[in-house]
Amino acid sequence: MKILDRYILTSFLKTFFSVFIILMFIFVLQTIWLYISELAGKDLSLAIILKFLWFFTPKLIPLVLPLTILVTSLMVFGTLSEQYEFAAMKSTGISLQRAMRSLSVFILLLAGIAFIFANNVIPYSEYKWQNLRRNIAQVSPSMAIVAGQFSAIGDDFNIKVQEKYGDRDQYLRDVIIHKKNPESPSENTTVIMAESGELASELDSNTLSLILKNGNYYEDIQLSDGVKERINRPFAKSTFDTYTIHIDLTELNDTDIDKENNLNNHNMYNAGELIPEIERLSGVFSDDIAQMTGNMYFRSGFTQFADSTYKNIKDKAEFNTVLDLYDIRQQVRIASTAIDNVRSTAQALRSKKKNHQQLVKTINKHEIALHEKFALAISCIILFFVGAPLGAIIRKGGMGLPMVIAVVLFLTYHFIGIFAKNSAEDGTMHPFMATWISSFIMLPLSVWLTYRATTDQGIFDFDAFFQRFKWRKNK
């Protein structure tokens with residue numbers, strides 16, 4: 001390696017690692033702020049909190065790494081231009097492309113490492129983080145209750161509250177509790193609704209008391225025999241002023257933080273696992289469409305009246321509608337069946353529409369996750385060829401102007417990708433286009449900036465622009 005290549009590469013690496021550490025520290029602080037409610041107030045050790053952040057950190061790489069490359073390229077090449085080092089290189093016949101050669105090799109190597117990292121490390125860390133997050137949620141049941149949604153407390157209760165308040169969030173408003181049947185855990189046979197509630201527990205106690213006030217108690221009565229009795233769905237209903245539920249926290253207090261749970265989502269797959277999973281989900285979607293088509297045809301009633309006897313119509317003038325081919329009794333049956341079929345079909349289509357939208361959203365998320373692994377590597381290369389020539393053009397180093405320009409460019413790149421991916425999840429945009437649109441926009445910019453920097457031109461030639469107006473005025 002020549003002295004020039006070593007000098008430029010050393011300058012780039014020093015700035016690169018400094019910027020990377022600073023940006024990673026900023027994003028980790030943001031992570032603590034986002035998940036402070038899940039970590040605070042649970043008497044977690046420092047080791048568990050650090051493990052939580054350690055497993056979450058790889059998810060930040062797709063944000064931090066491209067931004068680091070863009071900022072570093074602007075700062076290093078801006079400094080070299082500001083100190084007239086590029087001018088000295090060009091005076092000896094060294095072009096900008098020659099000066100960028102060692103860094104280009106490094107960026108290509110870094111892009112390959114980024115792909116391997118996104119394909120292997122990030123899915124593994126996503127599973128470990130989600131697994132640890134679920135285990136932490138079981139440490140403190142009062143913290144596990146999230147306002148506005150059902151939260152599982154142990155294996156017996158699902159609790160939903162509209163609002164939590166108080167100095168320790170111990171007071172609850174609009175409480176709904178689903179209690180599972182011990183004999184059939186998949187059934188919620190008891191529903192308890194109350195206007196307010198309070199969580200109370202003594203120090204070092206393994207029992208959590210949930211005190212409910214002004215509510216109703218509903219319970220389905222389970223009958224072992226008697227078909228008629230079971231068809232009537234008997235239940236018991238009562239009201240109460242105060243009702244206390246004692247929840248045993250013995251198992252929850254012995255929660256194993258490192259317990260492996262059965263978790264599965266699109267962010268936990270590598271590229272080799274995403275491809276067959278996408279094919280499987282697509283097959284499920286196609287089979288569901290085919291099955292729904294068959295059901296719709298059966299509901300239409302054509303199969304029921306296919307072998308019906310037609311009337312003998314001698315005069316063609318009598319044939320006004322299809323119903324005229326049948327006698328009056330058959331016409332009444334057909335009309336009645338058609339009305340019932342339309343009602344049931346409309347209800348079934350509404351239900352299927354929601355299921356298909358959710359399935360399509362799941363497929364799109366898997367496709368986005370697949371393309372993101374490759375897009376991360378390509379974005380590192382593109383943003384380098386945006387930042388390096390731009391730094392050479394603006395001729396300004398340091399943390400001032402280069403940082404501002406880099407943040408503006410990266411936010412533009414990032415938010416375009418965010419909006420496109422959100423559109424792709426509901427099917428508005430194709431997942432491939434949504435993932436790559438940011439790179440497709442930045443690629444022409446990188447080519448144009450590299451050309452301008454190579455030919456010693458500024459970003460915009462104001463003299464040539466205003467000269468056109470002078471020429472027109474003189475003419």
Open item on the list: Looking at the structure I just gave you, is residue 29 closer than 26 Å to residue 402 by Cα, hydrophobic (A, V, I, L, M, F, W, C) and part of a helix (DSSP H, G or I)?
Closed with: yes
- [ ] Of the conditions (1) surrounded by 17 or more Cβ atoms within 10 Å (Cβ to Cβ); (2) at pLDDT 85 or above; (3) under 24 Å from residue 72 (Cβ atoms), residue 440 clears all except one; give me its number.
- [x] (1)
Task: Qualifying residues in the stretch 44-66 (those that are in contact (Cβ under 8 Å) with a residue 40 or more places away in the chain, open to solvent by 20 Å² or more (accessible area, probe 1.4 Å) and of a type outside the set (Phe, Trp, Tyr)) - the one farthest from residue 118 (Cα to Cα) - done: 44
Open item on the list: Condition first: open to solvent by 30 Å² or more (accessible area, probe 1.4 Å) and touching a Pro at 6+ places or on another chain (Cβ under 9 Å). Now tell me which residues in the stretch 371-410 satisfy that.
Closed with: 371, 372, 394, 396
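Residue-wise test of (1) open to solvent by less than 50 Å² (accessible area, probe 1.4 Å); (2) at pLDDT 60 or above; (3) not acidic (Asp, Glu).
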residue: 192; (1), (2), (3): yes, yes, yes
residue: 198; (1), (2), (3): no, yes, no
residue: 219; (1), (2), (3): no, yes, no
residue: 228; (1), (2), (3): no, no, yes
residue: 240; (1), (2), (3): yes, yes, yes
Task: Among the candidates 330, 358, residue that is modelled with pLDDT under 80 and either out of contact with any strand residue (DSSP E or B) (no Cβ under 6 Å at 6 or more places or on another chain) or aliphatic (A, V, I, L, M) (or both) - done: 330
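Check whether at least one residue in the stretch 2-12 is β-branched (Val, Ile, Thr), surrounded by 14 or more Cβ atoms within 10 Å (Cβ to Cβ) and modelled with pLDDT of 90 or more, and report yes or no.
Of the residues in the stretch 2-12, the ones β-branched (Val, Ile, Thr) are 3, 8, 10.
When the remaining residues are screened for being surrounded by 14 or more Cβ atoms within 10 Å (Cβ to Cβ), the result is 8.
This time we only want the ones that are modelled with pLDDT of 90 or more, so: none.
No, the conditions are met nowhere in the stretch 2-12.
Go over the candidates 20, 25, 77 one by one and state the one that is on the phi < 0 side of the Ramachandran plot and surrounded by fewer than 14 Cβ atoms within 10 Å (Cβ to Cβ). Show your work before the answer.
Details: 20 fails: surrounded by fewer than 14 Cβ atoms within 10 Å (Cβ to Cβ); 77 fails: surrounded by fewer than 14 Cβ atoms within 10 Å (Cβ to Cβ).
Going through 20, 25, 77 in turn, the sole match is 25.
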TODO: Please specify each residue of the stretch 415-429 satisfying the condition of being loosely packed, with under 15 Cβ neighbours inside 10 Å and closer than 19 Å to residue 376 by Cβ.
DONE: 415, 418, 419, 422
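Name the one entry in 434, 424, 420, 406 that is among the aliphatic types (A, V, I, L, M), farther than 30 Å from residue 358 by Cβ and part of a helix (DSSP H, G or I). Outline the logic, then answer.
Details: 434 fails: farther than 30 Å from residue 358 by Cβ; 424 fails: farther than 30 Å from residue 358 by Cβ; 420 fails: farther than 30 Å from residue 358 by Cβ.
Of 434, 424, 420, 406, the one residue that is among the aliphatic types (A, V, I, L, M), farther than 30 Å from residue 358 by Cβ and part of a helix (DSSP H, G or I) is 406.
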Open item on the list: Conditions first: (1) open to solvent by 50 Å² or more (accessible area, probe 1.4 Å); (2) free of Cβ contacts under 8 Å to residues at least 40 places away in the same chain. Residue 82 passes all but one, so which condition is the exception?
Closed with: (2)
Open item on the list: What's the number of the only condition in (1) open to solvent by less than 40 Å² (accessible area, probe 1.4 Å); (2) at pLDDT below 85; (3) assigned to a helix (DSSP H, G or I) that residue 277 fails to meet?
Closed with: (2)
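Does residue 236 satisfy the condition of being at pLDDT 75 or above, more than 22 Å from residue 161 (Cβ to Cβ), open to solvent by less than 80 Å² (accessible area, probe 1.4 Å) and not in a loop (DSSP other than H, G, I, E, B)?
Details: at pLDDT 75 or above: yes; more than 22 Å from residue 161 (Cβ to Cβ): yes; open to solvent by less than 80 Å² (accessible area, probe 1.4 Å): yes; not in a loop (DSSP other than H, G, I, E, B): yes.
It is true that residue 236 is at pLDDT 75 or above, more than 22 Å from residue 161 (Cβ to Cβ), open to solvent by less than 80 Å² (accessible area, probe 1.4 Å) and not in a loop (DSSP other than H, G, I, E, B).
The values are calculated or read from the model by the stated rules, or taken from the named source; none is laboratory data. Predicted, not measured: the structure shown is a model, and the values here were computed from it. Because the Cβ atoms are built from the backbone with ideal geometry, glycine has one as well, and the counts that use them run over all protein chains shown. Note: accessible area is taken over every heavy atom of the protein model, side chains too, but ligands, DNA and RNA are not part of it. Shrake-Rupley method; radii C 1.70, N 1.55, O 1.52, S 1.80 Å.
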